[in-house]
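> What follows is a structure written as structure tokens; I'll ask about it next.
Derivation of every value follows stated rules applied to the coordinates shown; laboratory data play no part. Since this is a predicted model, take the numbers as computed values, not measurements. Cβ: placed from backbone, ideal geometry, glycine included. Neighbour counts: every protein chain shown.
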Amino acid sequence: MKELNLFALPFLFPSYSALDAVEAGDPGKRLFKLIEQKGVIPIAWGENGYRELTNSKRPIRRPEDFHGLNIRVVGIPIFIEIFRVLGANPVGMNFNEALEAFHLGKVDGQENPIALIIPYKLWSVHKYVTVWHYAIDPTILAVSAKTWTSLSPADRQILQEVGAGIMAEQKKEAREGLQDEMVAIHILEQMYQMEVANLSPDEVKAFRDKTRPVYDRWAGEIGIDLVRSAESIVESVK
């Protein structure tokens, strides 16, 4: 569903509060209605987290630092375009293949939520982490419309209430250690000896400016009204 690329627009969401406001606001409601039209009943929002960057070659603090790097990306067109405009060579492959490619030195880096670094031992192949919040991965707890219609109104209400509670807890856990004191980042530095580039607003702006053509093109694909509504909410949260 092309409208869900809203969350992949580069640097649209500067904070969790901005994301929460968009999901709870008109854009989130419109997305849920569009999902229902596909035969799926959305229950509640969750998330995987901000997509950050790891690599084995050098600190990434400027767009120019990407030049010549092979970066594994999810094979989604908008992600490929983002890294191509930054000067990297985006490589689409499944994650198991990517892990082998990292160890063989065929691929230099990857982008994913911070939570993947430790369980997949990315610290063993990538020394550098860039925290730039370029995109975020929401998830949606949902049920097929066919199953939904088989439930009684009372059971639907229970499912909605329990689902909302579970996903609120899931969001909380996904963000643990990645707010305020950024405990998870300190663990990567101190326990796993990774070098973290936590970008300043000015540094992020350079990446935002560089990727603006991708943003503008995909805003048209996603739907200008939907994008402008999200932008208005993000600006009000700032």
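> When only C-alpha pairs under 8 Å and at least 6 residues apart count, what is the relative contact order of segment 106-215, in percent?
41
> With a ≥ b ≥ c taken as the square roots of the eigenvalues of the C-alpha gyration tensor of segment 46-127, please select rounded if a/c is under 1.5 and otherwise prolate if a/b is larger than b/c or oblate if it is not?
Judged from the Cα gyration tensor, segment 46-127 comes out rounded (a/c under 1.5).
> Using θ = phi - 60° and the Karplus curve 6.51 cos²θ - 1.76 cosθ + 1.60, what whole-Hz ³J(HN,Hα) does each residue of segment 142-153 get, with Gly and Pro shown as x?
Per-residue couplings from phi come out as 9, 9, 5, 4, 5, 5, 4, 5, 7, 8, 6, x Hz.
> For segment 74-84, take each phi angle, set θ = phi - 60°, evaluate the Karplus expression 6.51 cos²θ - 1.76 cosθ + 1.60, and give the result in whole Hz per residue in order, putting x for glycine and proline.
Result, rounded to whole Hz: 4, x, 10, x, 5, 5, 4, 5, 4, 6, 5.
> Taking the alpha-carbon centroid of each part, what is the distance from segment 171-237 to segment 73-97 in angstrom?
17
> Return the Cα extents of segment 39-189 along principal axes one, two and three, sorted largest first, each rounded to a whole Å.
Dimensions of segment 39-189 along the principal axes of its Cα atoms: 57, 34, 26 Å.
> Are any of the pairs K171/K210; K210/K238; K57/K205; K33/K205; K57/K171 more than 25 Å apart by Cα-Cα distance, and if so, which?
Over 25 Å Cα-Cα: K171/K210; K33/K205; K57/K171.
> With a cut-off of 8 Å between alpha carbons and a minimum separation of six or more residues, what is the relative contact order of the chain in percent?
Reported as a whole number, the value is 35 percent.
> Can you work out ³J(HN,Hα) from phi for every residue in segment 197-211, in order, using Karplus 6.51 cos²θ - 1.76 cosθ + 1.60 and θ = phi - 60°, giving whole Hz and x for Gly and Pro?
For segment 197-211, the Karplus curve yields 9, 8, 5, 7, x, 5, 5, 5, 4, 4, 5, 4, 5, 5, 9 Hz.
> Treat each spin label as a single point 7 Å out from the Cα along the C-beta direction, and report the H103 to E221 distance in nm.
Taking the two extended label points, one gets 3.4 nm.
> Considering the chain as a Gaussian network with a 10 Å cut-off on Cα pairs, which listed residue, D155, D209, D225, attains the greatest mean-square fluctuation?
D155
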